[in-house]
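The values are calculated or read from the model by the stated rules, or taken from the named source; none is laboratory data. These numbers were taken from a predicted model, which means no experiment stands behind them. Positions of Cβ are backbone-derived with ideal geometry, glycine not excepted, and every protein chain shown enters the neighbour counts. Calculation scope for accessible area: heavy atoms of the full protein, side chains included, ligands and nucleic acids excluded. Shrake-Rupley method; radii C 1.70, N 1.55, O 1.52, S 1.80 Å.
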There are 2 protein chains.
Amino acid sequence: MFTHLSEFHAWFAHRGEVQRQHVTRIPLDELGGWAADPRTGNLVHRTGGFFTVAGLDLTRSGRGVEAWQQPILVQPEQGVLGILVKDFDGVPHCLLQAKMEPGNVNGLQLSPTVQATRSNISKIHGGRDVPYLQYFTAPRKGLVLSDVLQSEQASWFLAKRNRNIIVRVDEHVPVLDEFCWLSFPQICALLRLPNLMNMDTRTVLAGAAGISLSGGDSTEDSFRGALARSREAEVSLHSMVEVLSWFTEAKGRCTLTRHTIPLDKVSGWSRRDGAIKHDLDLHFSVIGVAVESDSREVTRWQQPMFEPRGQGVIAFLVKSIRGVLHLLVQARIETGALDGVEMAPTVQCQPENYKWLPEARRPLFLDEVLGASEDRIRFDSVHSEEGGRFYHARNRYLMVEVEDGFDSDVPEDYTWVTLRQLTELVRYGNHLNVEARSLLTFFGFYEEE
Amino acid sequence: MFTHLSEFHAWFAHRGEVQRQHVTRIPLDELGGWAADPRTGNLVHRTGGFFTVAGLDLTRSGRGVEAWQQPILVQPEQGVLGILVKDFDGVPHCLLQAKMEPGNVNGLQLSPTVQATRSNISKIHGGRDVPYLQYFTAPRKGLVLSDVLQSEQASWFLAKRNRNIIVRVDEHVPVLDEFCWLSFPQICALLRLPNLMNMDTRTVLAGAAGISLSGGDSTEDSFRGALARSREAEVSLHSMVEVLSWFTEAKGRCTLTRHTIPLDKVSGWSRRDGAIKHDLDLHFSVIGVAVESDSREVTRWQQPMFEPRGQGVIAFLVKSIRGVLHLLVQARIETGALDGVEMAPTVQCQPENYKWLPEARRPLFLDEVLGASEDRIRFDSVHSEEGGRFYHARNRYLMVEVEDGFDSDVPEDYTWVTLRQLTELVRYGNHLNVEARSLLTFFGFYEEE
């Protein structure tokens, strides 16, 4: 436990010294253990495990571009992302792990107590036991606070989902070297720092967003108070039935058709410089990396990764309606998601990809977000996406209050919801996408700067 | 409106005389408008519309049989099943339709106000306008009471879902000849009659199960009173978080892998007598029918249908726990469902299919259901499945109170939930399967005999 955050930072710096990792880019065709399937060109591991890079063909997307093809990560198995919670002196603490991932821009980030793929769990690669896993698999002790199968980045993954679970225990829990207990208030503060709380931690914590806020003072005359009121609000612009109906309606409008194709056949992409790149150098590249680590189950391996071309912008516009803070949520066609449409932040894009498109096709509300005056930006921090699959993938996460007079009447793919409604929706899979869940965590664990 | 149900029956009998339909079995290879795709043998319509009969390969099912192949209906588009509700003298009424379907054992059944496939809506087959559709498509008047994308029979359909929507209006609604208003109490009574309320009506009404019951008297010393208490109960054996966690856990155990294959390649099935039949004459057959109707958008057509071999048993065991009625729900691997696992009734099977399997593989709790004494059977009625795709598909739906001393401790794929919890879960898609939703409607619209 840390009394002051400076102790945490000292500990974390020390972990960065002892958990060493070395990552080198290598050409895809030199990846040890991986090969292009002779029939399809798909990148597959020799065990058939881990994941596959295949091709995806999309038509009638209803997005800025109607049809395209792209490489896609296929990993149908479900992993476990679990956070252990325990009260110390009446304050809930999370057991988090200082974990190296090859794609992390800074090497080490804070991951959940358990972040295990099915391959880790079944030890397909002959690694070590996953510590603390027994708290998250049945029959288990402890009280489950949240447990749901949630989707991951649908632009890069095909129907990938992981179990997001939070378990509260009372018993003594031995703390291994790479692990530490952080209190909810400490987590609030650390979530403001860039590239520290990894994506898995953020998505799991979304399940506790309701719990965390209930400690907030809803009478407080501050943005934090407004968030607490939004969390407790019995009133909302739209009833839950209306919100769910809006979501169902959006699914009805979705005409997306997709099917996997051989990676060899993906048009608009080509092998260049040892990687697979978009012909206009947009979106992302598939690259190869060689990793040496002294703190992982396996100490030396090579793998393909997705490297996005630019930094994304992920933002919720918020507005006080009838005295209650509402968030502008988007029913977004999520090309790779199991269920096609998910609820997403108001804005979620890589602005660079839109440079070559006509103005009219620029993402809605992007200008409101990027042009907001400083006093309306309530949260602004750059965070990383999953460093096990994505190389240096960073997004700028924002929470922006709209200007007075901003129209409550929004286009059909958007609607206003309260924080209370979001904390209800996050309990059910296939509703909030991973980007919305990250932002929900920032809202739930919000602290004034 | 009908003051007495006898008036309804007279009206319905009259409808049966004026809405005439003639259905004849014909060999599959003589079906007009349909042909076997030369590459796959799949049955496809010449327009490419409606649906396709393809093959499905399943492995690691976790069911009585681990792996098999079968024909499957593929119809990825979403249709609309909508019921219009309006109060007359303070009593809610539903606008239902006397509708002929070729697969109905008795021709005419009561369907929702709107029961339209995407093909109907877009008029791919050049049919008439769908009456009342405007109440269910945006922008619409009226108050939405329920609106969710729900799954259909996963043993016969691949990832088929329809929008289930209930809209309440105050305005005057003109009533066409085939339509009638039925009050909630009248619906309660009619749900006890066999093969009258079609599957689509039952699944949509599940969205109103909570509303309907709130009229029930929870102080009543009767089974109906116990249902009302279960609907209102703040207490339950398991919290909602625990129920959702149990569901997520079951999804984690699911190892089902499936992929479509050419219908020609389905092993264990063969073309015999103009149909596609299982080699042991189990499960179902794919047959062809020719239809002549004078009351449908199109008056004459031919189509393939699935004809089950035997009548199924679909039942919830119920038990009073801590004074509140609980239902024993099953996390069932639903082979064709989008999300693999859904919540199902305690028992859901075609008993005949298990005759040749060892005793140990008989469905759990089937004997408790079939062997229950009469005083413990609270509901017992035979109903039809969708008559547009399934030929004479009937299931016996039961609600059975367990004997005193029945163990509350149940196998891992089962858990106890209250009616209140089920009415919450039915708001979210991919949770309750269509059979559970039918039973939920019987619970929600329950009346003592």
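Only Lys, Arg, Asp and Glu count, each charged at its Cβ (+1, +1, -1, -1), so figure out the dipole size of segment A:72-211 about its Cα centre, rounded to 20 debye.
320
Return the ratio Rg/(2.2 N^0.38 Å) for segment B:329-449, where Rg is computed over Cα atoms only.
So the Cα radius of gyration is 1.09 times the expected 2.2 N^0.38 Å.
For the peptides B:319-332, A:366-379, what is the packing order when you average, over each peptide's residues, the other Cβ atoms within 10 Å and list the highest mean first?
The packing order, highest mean first, is B:319-332, A:366-379.
Where does each of B:R396, A:R25 land when they are ordered by accessible area, with a 1.4 Å probe and the largest first?
Per-residue accessible area, sorted high to low, gives A:R25, B:R396.
For label points placed 7 Å from Cα toward Cβ, what is the shortest-first list of nm distances from A:E17 to its copies?
Copy-to-copy label distances at A:E17, shortest first: 9.7 nm.
Only Cα pairs under 8 Å and at least 6 apart count here; give the relative contact order of segment B:109-192 as a rounded whole percent.
Dividing the mean separation by the residue count of segment B:109-192 yields 20 percent.
Hey, with R₀ at 56 Å, roughly what FRET efficiency would A:L133 and A:D279 work out to, going by the Cβ-Cβ distance, to 0.05?
Taking R0 as 56 Å, the efficiency between A:L133 and A:D279 is 0.80.
Using unit Cβ charges (K, R positive; D, E negative) and no other charged atoms, how large, in debye to the nearest 20, is the dipole of segment B:282-415 about its Cα centre?
Using Cβ point charges on Lys, Arg, Asp and Glu, segment B:282-415 gives about 360 debye.
Lys/Arg Cβ at +1, Asp/Glu Cβ at -1, dipole of segment B:60-125 taken about the Cα centre: which of B:L110, B:M100, B:L84 is farthest positive-ward?
Value: B:M100.
Given the pairs A:K251/A:K355; A:K160/B:K277; B:K160/B:K251; A:K141/B:K319; B:K160/B:K319, which are separated by over 30 angstrom at their Cα positions?
A:K160/B:K277; B:K160/B:K319
Could you work out the relative contact order of chain A, using alpha carbon pairs under 8 angstrom and six or more residues apart, expressed as a whole percent?
Relative contact order comes out at 22 percent.
Compute the convex hull volume of the Cα atoms of segment A:406-449, divide it by the residue count, and report the result per residue in Å³ as a whole number.
110
Using helices alone, I'd like the mean residue ellipticity at 222 nm for chain A: each DSSP H run of four-plus residues gives -39500 (n - 2.57), total over residue count, nearest 500.
-5000 deg cm²/dmol
Pop the C-beta distance of B:A13 and B:D87 into the FRET formula with R0 = 30 Å and round what comes out to the nearest 0.05.
Between B:A13 and B:D87 the formula returns 0.60.
Ratio of segment A:207-274's C-alpha Rg to 2.2 N^0.38 Å, to two decimals?
Here the Cα radius of gyration is 2.05 times the empirical estimate.
Got the B:A189 label distances to the other copies yet, label 7 Å along Cα→Cβ, in nm, shortest first?
When each copy's label point is compared with this one, the spacings are 7.0 nm.
For segment A:166-250, what is the relative contact order in percent, using Cα pairs closer than 8 Å and at least 6 residues apart in sequence?
18
Name the residues of segment A:327-370 whose amide N is less than 17 Å from a point 7 angstrom out from the Cα of A:E403 along the C-beta direction?
Those under the cut-off are A:365-370.
Which whole-angstrom value gives the distance between the alpha carbon centres of segment A:1-41 and segment B:258-301?
Rounded to whole Å, the Cα centres lie 54 Å apart.
Provide the solvent-accessible area of B:E171, counting protein heavy atoms only and rolling a 1.4 Å probe, rounded to the nearest 10 Å².
60
Which residue, B:P304, B:P139, B:P112, has the most motion in a Gaussian network model of chain B that connects Cα atoms within less than 10 Å?
Highest fluctuation of the listed residues: B:P139.
Tell me, what does the Kirkwood hydrodynamic radius of segment B:1-88 come to in angstroms if you use every pair of distinct C-alpha atoms?
By the Kirkwood definition, the hydrodynamic radius is 18.1 Å.
List residues of segment B:146-183, by number, whose backbone nitrogen lies under 18 Å from a label position 7 Å along Cα→C-beta of B:M1.
Counting backbone N atoms under 18 Å from the label point, the list is B:168-176, B:179-183.
For segment B:362-426 and segment B:148-193, what is the separation of their Cα centres, given in Å?
22
Across bins of 5 angstrom width beginning at 0, how are the C-alpha pair distances of segment A:144-253 distributed, in whole percent?
Computed distribution, short to long bins: 2, 8, 12, 16, 20, 18, 13, 7, 3, 1, 0.
Using a label point 7 Å beyond Cα on the Cα-Cβ vector, give me the inter-copy distances for A:Q311 in nanometres, one decimal, shortest first.
Shortest to longest, the spacings are 6.8 nm.
How big is segment B:58-208 by Rg and Dmax over its Cα atoms, in Å?
17.0, 56
For the rotation taking A to B, I'd like to know which residue in chain A has the C-beta closest to the axis, plus that distance in Å.
For the rotation taking chain A to chain B, the closest Cβ gives A:Y428, 2.
Put +1 on the Cβ of each Lys and Arg and -1 on the Cβ of each Asp and Glu in the protein assembly as shown; which of B:V410, A:H392, A:H259 then has its Cα farthest toward the positive end of the dipole?
It is A:H259.
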